[in-house]
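Shown next, in structure tokens, is the structure this report addresses.
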């Protein structure tokens, strides 16, 4: 099968699948990270499918095409100025994706776009020639509500346009998103969850006796991520468990960021380590150093961070009202659910977990088994391929 994927990807994950000339061309191009899509593509290639990837990155000024026996990657420019992208509704980026597909000697058997924005709009014009699938990976109306700015408003309108387009097949990455799609758009969609690379899933549970770090991972520090309340709760925990520290991982956890500096002046960074941005391999190492993950986010359409932590055998505390979080944690069977909007509740959940080593070991074992059975590359890719085959036959 020839599969076309329109999505952010991590270019360096696919260097082994490229010819020598393209490996040289790929040097220094990282791409935009999308681990769930990366692992899906990797699984397709391992199974012998031909894959074409249409992607965008800030790192190139002109289109770069990388080739291998089974893989072709069309890397297109992404404008650095987010406001300008939004003002023009990503018109250049959409056209880059569209033109990349047109460069194919033969169209793929199926096109699969991830997210409902530029990557989707770049491929929808082919929907009357081949099946086009759009995976809904976030919920634009809720994101706009939590982040009232023009950029998110433009994204909301792009999302609206995709859902109003006929002859598309939609997938959701969680039952939470599935319910939202059904309620707003009256569309029945199947759920295909995000996957995680098998190389990151442990085979046995974590030895918690040697750990003394709580970890929290976030791609941004917007109000929806709720980091400040976590910091307040941790300072209270710090008085009860003096040997415990908090590691914050993410691209905005640096002292020169104004909000982080404000937290310091508020006295919220005592025994808090600002790890900052790390690559995916290093992130797994950070999980392995920790004793528990606390994820205070108020909204998650899926929760890759939760899956990654569970895969490393790390007990998880996360929001019981935070979108797809209860789905990921099996309604509390494989992780602790609490009201993360409450500082005192979050504090009590951390204290209860730190005081109960038997519970931590139990959750660690259950988490690893659950990830292998539900989110491994083979499981998710086979579910996806079944949908591809069904649509192609139709």
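Which of the residues spanning region 131-142 are free of Cβ contacts under 8 Å to residues at least 60 places away in the same chain and surrounded by fewer than 18 Cβ atoms within 10 Å (Cβ to Cβ)?
141, the sole residue that qualifies.
Go through the residues of region 330-351 one by one and say whether even a single one is touching a strand residue (DSSP E or B) at 6+ places or on another chain (Cβ under 6 Å), at pLDDT 95 or above, over 30 Å from residue 140 (Cβ atoms) and in a helix (DSSP H, G or I).
Checked against the condition, which is being touching a strand residue (DSSP E or B) at 6+ places or on another chain (Cβ under 6 Å), at pLDDT 95 or above, over 30 Å from residue 140 (Cβ atoms) and in a helix (DSSP H, G or I), region 330-351 yields at least one hit.
Among residues belonging to region 368-378 that are farther than 16 Å from residue 48 by Cα and touching a residue at least 60 places away in the same chain (Cβ under 8 Å), point out the one that is surrounded by the most Cβ atoms within 10 Å (Cβ to Cβ).
Going through the qualifying residues, I end up with 371.
With respect to residue 386, determine if the residue is free of Cβ contacts under 8 Å to residues at least 12 places away in the same chain and surrounded by fewer than 17 Cβ atoms within 10 Å (Cβ to Cβ).
yes
Got a sec? Which of 82, 68 is touching a helix residue (DSSP H, G or I) at 6+ places or on another chain (Cβ under 7 Å), surrounded by fewer than 21 Cβ atoms within 10 Å (Cβ to Cβ) and more than 23 Å from residue 377 (Cα to Cα)? Before you say what the answer is, go through the steps one by one.
Values: 68 fails: more than 23 Å from residue 377 (Cα to Cα).
Going through 82, 68 in turn, just one is touching a helix residue (DSSP H, G or I) at 6+ places or on another chain (Cβ under 7 Å), surrounded by fewer than 21 Cβ atoms within 10 Å (Cβ to Cβ) and more than 23 Å from residue 377 (Cα to Cα): 82.
Hey, can you tell me all the residues within region 366-388 that are in contact with a strand residue (DSSP E or B) (Cβ under 9 Å, 6 or more places away or on another chain) and assigned to a helix (DSSP H, G or I)?
The answer is 367, 371, 377, 380, 383, 384, 385, 387, 388.
Could you tell me how many of the residues in region 234-255 are closer than 18 Å to residue 219 by Cβ and either in contact with a helix residue (DSSP H, G or I) (Cβ under 7 Å, 6 or more places away or on another chain) or at pLDDT 95 or above (or both)? First the steps, then the outcome.
Keep residues of region 234-255 that are closer than 18 Å to residue 219 by Cβ, which gives 246-254.
Okay, now just the ones that are also either in contact with a helix residue (DSSP H, G or I) (Cβ under 7 Å, 6 or more places away or on another chain) or at pLDDT 95 or above (or both), so 246-250, 252-254.
Counting residues in region 234-255 that are closer than 18 Å to residue 219 by Cβ and either in contact with a helix residue (DSSP H, G or I) (Cβ under 7 Å, 6 or more places away or on another chain) or at pLDDT 95 or above (or both) gives 8.
Answer yes or no as to whether residue 314 is assigned to a loop (DSSP other than H, G, I, E, B) and either at positive phi or surrounded by fewer than 20 Cβ atoms within 10 Å (Cβ to Cβ) (or both).
Working: assigned to a loop (DSSP other than H, G, I, E, B): yes; either at positive phi or surrounded by fewer than 20 Cβ atoms within 10 Å (Cβ to Cβ) (or both): no.
No: the conditions fail for residue 314.
Under 17 Å from residue 113 (Cα atoms), in contact (Cβ under 8 Å) with a residue 40 or more places away in the chain and surrounded by 23 or more Cβ atoms within 10 Å (Cβ to Cβ), is that true of residue 41?
It is false that residue 41 is under 17 Å from residue 113 (Cα atoms), in contact (Cβ under 8 Å) with a residue 40 or more places away in the chain and surrounded by 23 or more Cβ atoms within 10 Å (Cβ to Cβ).
What are the residues in region 67-87 that are free of Cβ contacts under 8 Å to residues at least 60 places away in the same chain and closer than 30 Å to residue 49 by Cα, if any?
67, 68, 69, 70, 71, 72, 74, 76, 77, 78
Counting only residues that are surrounded by fewer than 16 Cβ atoms within 10 Å (Cβ to Cβ) and in contact with a strand residue (DSSP E or B) (Cβ under 7 Å, 6 or more places away or on another chain), how many does region 3-24 have?
Selection size over region 3-24: 1.
Yes or no, residue by residue, for (1) assigned by TED's automatic domain parsing to the domain that holds residue 83; (2) touching a helix residue (DSSP H, G or I) at 6+ places or on another chain (Cβ under 7 Å); (3) buried (at least 17 other Cβ atoms within 10 Å of the Cβ):
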site: 150; (1), (2), (3): yes, yes, no
site: 163; (1), (2), (3): yes, yes, yes
site: 166; (1), (2), (3): yes, no, no
site: 176; (1), (2), (3): yes, yes, yes
site: 190; (1), (2), (3): yes, yes, no
site: 202; (1), (2), (3): no, yes, yes
site: 219; (1), (2), (3): no, no, no
site: 225; (1), (2), (3): no, no, yes
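The values are calculated or read from the model by the stated rules, or taken from the named source; none is laboratory data. Just so you know, these numbers come straight off a predicted model, no measurement behind them. Note: ideal-geometry Cβ built from the backbone for every residue, glycine included; neighbour counts use all protein chains shown.
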